[in-house]
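The values are calculated or read from the model by the stated rules, or taken from the named source; none is laboratory data. All figures in this text were calculated on a predicted structure; none of them were measured in a lab. Reconstructed Cβ throughout: ideal geometry from the backbone, glycine too, with neighbour counts over all protein chains shown. Areas reflect the complete protein model, heavy atoms only, side chains present, ligands, DNA and RNA absent. Shrake-Rupley method; radii C 1.70, N 1.55, O 1.52, S 1.80 Å.
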Amino acid sequence: MDTRGSDFRKISVYAVLAGLVVAVGSIQPIFNVDYWWNLAAGRWMWSAHHILRTDPFSYTVYGHRWIDFEWLFQFLLYASYRHSNVQGVLLFKAFLVLVSSLGFYSSLPKTIPPPIRALMVPATFALLRFRNMVRADLIAIALFPWFLAAYFEAMDRGRGSKLRFIWLLWAGMLIWMNSHASFWFMIALTGIFLLRWETNHQDMPHLRLENPFVLLLLGYTALLVINPYGVQLPLNTLHISLQLLTADRADFIEYTATPLKGFAAYWALVLWSAGFLALRSVRRRTWDLAQWLLFIFAVWIGLSFKRNLPFSVFVLIPLALRNLSWPAGLKRFPPFLLHAIATLLWVGLLISAARSARMGIDERLVPEQLARLLSSDFHEGRLFNDYNLGSYFIWAFYDQKRPVFIDSRMHFIEGYPELWRQLKQARALEPEGLDRWRALQQKWHFALAAMETPPVQYFYRGKLFSPFDYYFPKSEWALVYRDPRFTLFAKRSEYPSSLIAAHEQPIHVQSLPPWQDLFRD
């Protein structure tokens, strides 16, 4: 990119300090179920020396097609784990957060003094509350602000601007396309910037030949098939995106629409951005169609899924600030005093971030003790597991070749969405639920059931009941493990009575009314 007269590639000391504060602060114990199956997938590819094309980790959809469009992230994730265990993973995450922070700083208007721009970086990441997730959208969040910074720079340069380093954007897109499905966001934004260029340069001859965004889109289109899966990868990512928009959204918090409660700061940002855009339009007596399209697109992706909030915020803040006139009085603020205050502030923030950094794994969703019991004493027999337990079991039982029932790759594997719907119906507290659960047992013949606890409980005629009392009748199943988070049942007919007796825990079950009677009152 032509950067004459611009500081696009110049990162101030304050920006680096701000990025370090955010990156160091992001080093927190890992807490997300997807981490484990991503790590296992990277390990599989590392050992097999080729990418995954079918599912090797479950017995319910074993061998079904898997277009693993996050394969590159998984490979890098396992490489960092292989080098330094969990510490390596968290340092890898911190590096990506640092890259994202510097990119976001670069996307902010250059009219704002560097110390103030730097302050907006930790404030923005604090708004996102992006601390302990380790998953593939880290790659996207690292790249997205840099693309925006380059696009805004090209527009600011005006007539004669050229993307001299367009190959860097192509290289970034190639990494992105093989790491996370959100690359479609950037392709859509490229189209909006292409439109803005044309509306701002209508007097230029041979317009399309001089529009740098045309060349970018052509390159992105070519890159869609430069991946191990060919054209199947972009088609599959589109299919999954549409599926998430239309089905099963309510079952997954990250894919639900962004509510007002708990996200007031984001809604305030939306109103703030809209206000500055409207004020600019009134003052100039013209409506910048491309800027409004940017705003609408950012709001749409942000309100569609909570998971999209980082991308939405990375567009809304630079967009709003580009329509804000910087107060002249602050520009005359003594530079030395500004730098002295900023230096002290950043040193304090960096020390605070370093003191709050924590390595390790958040164990709230990690059934480690349960997995050890399954590996030592109950190492035979088909295992049923709840949705949130499957990911860790894939990793824990990797060397044992013990497949899982289901896990959080639900939208990646052919057949998993249908299996999830069947499981959801079988676990539903409704008249047909128990029959569906029994049919599921008969179909898959599992001898063990690892469940999350405590289960849903309810009262019937003054007595407390649990669905587990019906799903696992004491005459057929033994409760062999229980802690505040997880429970394991073993089928009596599948294991020696001595093994059951050694682990069985007492259950005091009252006389149960027929399942159907629970729904008659």
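Structure notes:
- Leading residue by the ranking (most open to solvent (accessible area, probe 1.4 Å)) among those in region 38-72 that are of a type in the set (V, I, T) and more than 30 Å from A447 (Cβ to Cβ): I51
- Flag not set for I192, criterion: at pLDDT 80 or above, among the aliphatic types (A, V, I, L, M) and within 30 Å of I413 (Cβ to Cβ).
- When region 3-16 is limited to residues that are modelled with pLDDT under 85 and of a type in the set (G, A, S), the one that is farthest from P113 (Cα to Cα) turns out to be G5.
- In this entry, L76 passes the filter for residues that are in contact with a Gly (Cβ under 8 Å, 6 or more places away or on another chain) and closer than 20 Å to S182 by Cα.
- Residues that are among the charged types (D, E, K, R) and either over 20 Å from R43 (Cα atoms) or in contact (Cβ under 8 Å) with a residue 60 or more places away in the chain (or both) were ranked within region 361-386; the one that is least open to solvent (accessible area, probe 1.4 Å) is D386.
So that you can scan it fast, the table gives a plain yes or no per residue for (1) among the basic types (K, R); (2) within 22 Å of the chain's Cα centre (by Cα); (3) at pLDDT 95 or above; (4) closer than 30 Å to G348 by Cα:
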| position | (1), (2), (3), (4) |
| --- | --- |
| A18 | no, no, no, yes |
| Q28 | no, yes, no, yes |
| D34 | no, yes, no, no |
| R43 | yes, yes, yes, no |
| S47 | no, no, no, no |
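- In the condition set (1) under 18 Å from A142 (Cβ atoms); (2) at pLDDT below 95, A79 is compliant with all but (2).
- In region 396-404, the condition of being assigned to a strand (DSSP E or B) and touching a strand residue (DSSP E or B) at 6+ places or on another chain (Cβ under 7 Å) is met by at least one residue.
- Residues of region 242-272 that are at pLDDT 85 or above, crowded, with 16+ Cβ neighbours inside 10 Å and not aromatic (F, W, Y): L269, V270.
- Inter-residue pairs, beta-carbon under 7 Å, first under 15 Å from W146 (Cα atoms) and in region 170-186, second outside any helix (DSSP H, G or I), 6+ apart: L174/I226
- Matching helices (runs of 4 or more DSSP H) fully within region 405-509 where at least 3 residues are closer than 30 Å to R53 by Cα: 416-426, 433-444
- Residues (outside any helix (DSSP H, G or I) and closer than 13 Å to L448 by Cα) located in region 355-395: D377, F378, H379, E380, G381, R382, L383, F384, N385, D386
- Matching entry among S511, S493, S475, S498 (being within 13 Å of F378 (Cα to Cα) and open to solvent by 40 Å² or more (accessible area, probe 1.4 Å)): S498
- Among the residues of region 421-438, the one identified as in contact (Cβ under 8 Å) with a residue 24 or more places away in the chain and among the acidic types (D, E) is E430.
- Scan region 309-329 for residues that are part of a helix (DSSP H, G or I) and either modelled with pLDDT of 90 or more or open to solvent by 20 Å² or more (accessible area, probe 1.4 Å) (or both) and the total you get is 12.
- W300 meets each of the listed conditions (1) open to solvent by less than 60 Å² (accessible area, probe 1.4 Å); (2) within 26 Å of D156 (Cβ to Cβ) apart from (1).
- Selection from region 277-308 of residues that are assigned to a helix (DSSP H, G or I) and among the charged types (D, E, K, R): R280, R283, R284, K306, R307
- All positions within region 397-420 that are in contact (Cβ under 8 Å) with a residue 40 or more places away in the chain and open to solvent by 20 Å² or more (accessible area, probe 1.4 Å): Y398, P403, H411, F412, E414, G415, W420
- Of all residues in region 103-123, those that are at negative phi have Cβ atoms under 6 Å from Cβ atoms of residues that are open to solvent by 10 Å² or more (accessible area, probe 1.4 Å) and of a type in the set (K, R), 6 or more apart or on another chain, in P109/R322.
- Pair list, Cβ < 7 Å and 6+ apart or interchain, from region 439-461 residues that are closer than 18 Å to D386 by Cβ to residues that are modelled with pLDDT of 70 or more and β-branched (V, I, T): W444/T60; M451/T487; T453/T487
- Which listed residue, of L440, L389, L429, is out of contact with any helix residue (DSSP H, G or I) (no Cβ under 6 Å at 6 or more places or on another chain), surrounded by 14 or more Cβ atoms within 10 Å (Cβ to Cβ) and on the phi < 0 side of the Ramachandran plot: L389
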